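Some notes on the structure that comes next.
The values are calculated or read from the model by the stated rules, or taken from the named source; none is laboratory data. Just so it is clear, the model here is predicted, and its values are computed rather than measured. Counting neighbours? That spans all protein chains shown, and the Cβs are built from the backbone with ideal geometry, glycine included.
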Amino acid sequence: MNQRGTYPARPRPLVVLSQGPGYPASARSAVLLHFGSLMNEITKETKQLVRLQAVELERARLTAALKALPAEVAAADTQLKAAQKRVADTEAALKREELLRSSHELDIAGHKAKAARFRAQMDTAKNAAQASALEHEINFAETEISRLEDSELASMEKTEHLEAERAKAQELAAKLTETVALIRARVGEQDLEYREALAALKAERETLREQVAAFDDGARLRHFDRIAGAKGTGLARAAGQQCSGCRMGIRPQVWNQLRDGVIAPCESCSRILYYDPAMEQAPAKTARSVSHELPGPVERKQAGV
Ligand SMILES: [Zn+2]
């Protein structure tokens with residue numbers, strides 16, 4: 001019996017009208033009968049399908065999260081290795097500066113010794129040409145000493161800079177070592193947690209699939225699998241006379257069937273549509289105003305889309 005077209009919203013107006021004065025007894029009983037057949041909550045089979053979709057989505061989410069875990073450790077490790085390399089590089093640079101200064105010290109000592117020798121020879125120079133040559137040698141040694149001393153000074157400054165850089169790099173490496181250890185520990189825990197959750201979901205999935213398949217020889221499950229494989233979800237809640245999966249409108253006849261607890265494929269996206277009276281919009285709204293509203297994020301979430 002289908003008289004719903006005469007009522008703007010359900011189920012409340014049905015009750016009101018059936019109790020109205022002067023309402024023919026036959027019509028009243030018909031309305032009550034109809035009201036009795038109205039779906040107050042989704043069927044057990046639909047609930048199983050809704051749960052199956054939620055389980056499938058959660059499995060996909062956890063599987064992706066599980067896969068991403070090693071990358072998290074690897075990224076932290078890469079940062080740590082870069083910091084450690086910086087420490088090693090600055091240490092090597094410091095060593096080079098130290099060696100450079102040692103070498104300069106030796107060269108300076110050599111040039112000083114030469115200059116002293118040439119000065120001593122000046123006293124015994126036999127002629128002006130010899131004296132001039134010696135003077136030239138002394139000048140050269142002194143210029144070299146001055147150059148090497150300048151270079152030593154520059155090296156000292158560079159060393160100071162490198163030491164500061166090394167301290168910073170060491171600090172960063174120590175922090176990152178801690179961070180990597182923390183990430184490793186957390187990732188280890190999460191890995192275990194995800195695997196346990198996935199094992200539980202796998203078991204629940206198997207049970208649900210058996211239950212859903214038992215309902216209609218697996219036809220519904222096959223349809224669900226086929227659409228889920230292509231679109232990510234095989235099931236969508238009908239709300240506001242719209243498919244929450246593809247947002248397309250639902251024909252009034254199908255919408256009415258859905259509201260009677262029938263499940264039907266969406267004519268646009270083929271997802272299995274179901275109607276959940278527990279999720280209905282506020283009863284004050286008419287079916288017409290409701291049909292122009294998009295389902296909110298909560299509804300979409302519960303519909304698994
Ligand atoms: Zn659709």
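So in the range 260-281, with the set limited to residues that are in a loop (DSSP other than H, G, I, E, B) and aliphatic (A, V, I, L, M), which one is farthest from the ligand (Cβ to nearest atom)?
Taking the range 260-281 as the starting set, the residues that turn out to be in a loop (DSSP other than H, G, I, E, B) are 260-263, 266-271, 276, 280-281.
After this cut, where a residue has to be aliphatic (A, V, I, L, M) as well, the list is 262-263.
Working: 262: 16, 263: 13 Å.
This residue is 262.
Look at residue 56 and say whether it is under 30 Å from residue 263 (Cβ atoms) and touching a Pro at 6+ places or on another chain (Cβ under 7 Å). Reasoning before the result, please.
Details: under 30 Å from residue 263 (Cβ atoms): yes; touching a Pro at 6+ places or on another chain (Cβ under 7 Å): no.
No; evaluated as a whole, the condition is false for this residue.
Could you please find all residues in the range 233-271 being in contact (Cβ under 8 Å) with a residue 60 or more places away in the chain and within 31 Å of the chain's Cα centre (by Cα)?
Scanning the range 233-271 gives 233, 234, 235, 236, 237, 239, 244, 245.
Return the total of residues in the range 229-239 being away from the ligand (no atom under 13 Å from the Cβ) and either touching a helix residue (DSSP H, G or I) at 6+ places or on another chain (Cβ under 8 Å) or closer than 12 Å to residue 266 by Cα (or both). Break it down into steps so the answer makes sense when it comes.
Step one: filter the range 229-239 for residues away from the ligand (no atom under 13 Å from the Cβ), giving 229.
Checking which are either touching a helix residue (DSSP H, G or I) at 6+ places or on another chain (Cβ under 8 Å) or closer than 12 Å to residue 266 by Cα (or both) leaves us with none.
Total satisfying the criteria: 0.
Only one of (1) surrounded by 20 or more Cβ atoms within 10 Å (Cβ to Cβ); (2) more than 16 Å from the ligand (Cβ to nearest atom) fails for residue 204. Which number is that?
(1)
Exactly one of these conditions fails for residue 245: (1) buried (at least 21 other Cβ atoms within 10 Å of the Cβ); (2) assigned to a loop (DSSP other than H, G, I, E, B); (3) away from the ligand (no atom under 13 Å from the Cβ). Give me its number.
(3)
Just checking, does the range 176-194 include any residue being in a helix (DSSP H, G or I), in the same structural domain as residue 84 (by TED's automatic domain parsing), buried (at least 16 other Cβ atoms within 10 Å of the Cβ) and over 19 Å from the mean Cα position of the chain (by Cα)?
Within the range 176-194, one or more residues are in a helix (DSSP H, G or I), in the same structural domain as residue 84 (by TED's automatic domain parsing), buried (at least 16 other Cβ atoms within 10 Å of the Cβ) and over 19 Å from the mean Cα position of the chain (by Cα).
What pairs come up if the first residue lies in the range 160-179 and is at pLDDT 95 or above, the second is of a type in the set (Gly, Ala, Ser), and their beta carbons are under 8 Å apart, counting only those six or more places apart or on different chains?
These pairs meet every condition: 162/93; 169/83; 172/83; 173/83; 176/76; 176/83; 179/76.
Give 134, 106, 198 a once-over and let me know the one that is within 27 Å of residue 89 (Cα to Cα) and either touching a His at 6+ places or on another chain (Cβ under 7 Å) or part of a helix (DSSP H, G or I) (or both). Step through it out loud before you land on a result.
Working: 134 fails: within 27 Å of residue 89 (Cα to Cα); 198 fails: within 27 Å of residue 89 (Cα to Cα).
Of 134, 106, 198, the one residue that is within 27 Å of residue 89 (Cα to Cα) and either touching a His at 6+ places or on another chain (Cβ under 7 Å) or part of a helix (DSSP H, G or I) (or both) is 106.
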